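*Asks:* One structure is given below, represented as structure tokens, and several questions about it will come after.
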């Protein structure tokens with residue numbers, strides 16, 4: 001006669017100290033390897049895995065697991081590793097933005113000087129234009145009037161305004177040819 005023993009297994013609490021330590025010892029190397037495959041730095045991978053274990057332990061009283069603890073830990077480590085990469089990329093982007101901003105600031109003074117020099121040169125060249133052509137150029141480019149507005153202001157046709165502007169721009173182009181931008 002065969003005797004079958006019957007007993008009821010009590011569910012193991014994954015958050016008991018012994019069970020958690022056993023899970024840690026059993027999974028830590030595997031989790032570090034998984035994390036290393038994502039971040040490519042052993043020290044960072046180990047830190048991420050330890051932080052995940054610490055987080056789980058600190059939240060053990062409110063954390064509800066659906067499934068195996070090991071599966072949860074694998075997902076948590078992968079997500080933490082990806083978050084680390086995302087954060088690192090954002091930091092690098094900000095640092096490069098700050099560095100390029102500093103380069104732009106150093107060029108700002110040079111750019112302002114070049115702008116003022118070019119503006120003075122244009123003003124001088126424009127002063128050499130015939131009076132009517134100079135007036136049309138000034139109203140159009142410096143005051144911002146449209147061709148129609150310049151024509152109404154000077155009591156001339158729009159075609160005459162266009163002719164004066166073409167002449168002025170050609171003259172400027174010819175005299176600024178040697179100027180390096």
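The values are calculated or read from the model by the stated rules, or taken from the named source; none is laboratory data. Small disclaimer: the values here were computed from a predicted structure and weren't measured. A quick note on method: Cβ atoms are made from the backbone with ideal geometry, for glycine too, and the neighbour counts reach across all protein chains shown.
*Asks:* Taking residue 13 as meeting all but one of (1) modelled with pLDDT under 90; (2) out of contact with any helix residue (DSSP H, G or I) (no Cβ under 7 Å at 6 or more places or on another chain), write down the number of the exception.
*Replies:* (2)
*Asks:* Could you run through region 73-86 and say how many residues are without any contact (Cβ under 8 Å) to a residue 12 or more places away in the chain and under 17 Å from residue 50 (Cβ atoms)? Talk me through it step by step, then tell me what you get.
*Replies:* Looking only at region 73-86, we keep the residues that are without any contact (Cβ under 8 Å) to a residue 12 or more places away in the chain, and these are 75, 79, 83, 86.
This time we only want the ones that are under 17 Å from residue 50 (Cβ atoms), so: 75, 79, 83.
Residues flagged as without any contact (Cβ under 8 Å) to a residue 12 or more places away in the chain and under 17 Å from residue 50 (Cβ atoms) within region 73-86 amount to 3.
*Asks:* Scan region 114-133 for residues that are more than 20 Å from residue 178 (Cα to Cα) and crowded, with 16+ Cβ neighbours inside 10 Å and report the count.
*Replies:* Looking only at region 114-133, we keep the residues that are more than 20 Å from residue 178 (Cα to Cα), and these are 130-133.
Checking which are crowded, with 16+ Cβ neighbours inside 10 Å leaves us with 133.
Selection size over region 114-133: 1.
*Asks:* Within the group 124, 115, 137, which residue is within 30 Å of residue 170 (Cα to Cα), part of a helix (DSSP H, G or I) and in contact (Cβ under 8 Å) with a residue 24 or more places away in the chain? Don't jump to the end; show me each part of the working.
*Replies:* Working: 124 fails: in contact (Cβ under 8 Å) with a residue 24 or more places away in the chain; 115 fails: in contact (Cβ under 8 Å) with a residue 24 or more places away in the chain.
The match here is 137.
*Asks:* So residue 90 passes all but one of these: (1) surrounded by 10 or more Cβ atoms within 10 Å (Cβ to Cβ); (2) out of contact with any helix residue (DSSP H, G or I) (no Cβ under 7 Å at 6 or more places or on another chain); (3) at pLDDT below 90; (4) not assigned by TED's automatic domain parsing to the domain that holds residue 36. Which condition number does it fail?
*Replies:* Going through the list (1) surrounded by 10 or more Cβ atoms within 10 Å (Cβ to Cβ); (2) out of contact with any helix residue (DSSP H, G or I) (no Cβ under 7 Å at 6 or more places or on another chain); (3) at pLDDT below 90; (4) not assigned by TED's automatic domain parsing to the domain that holds residue 36, residue 90 breaks only (4).
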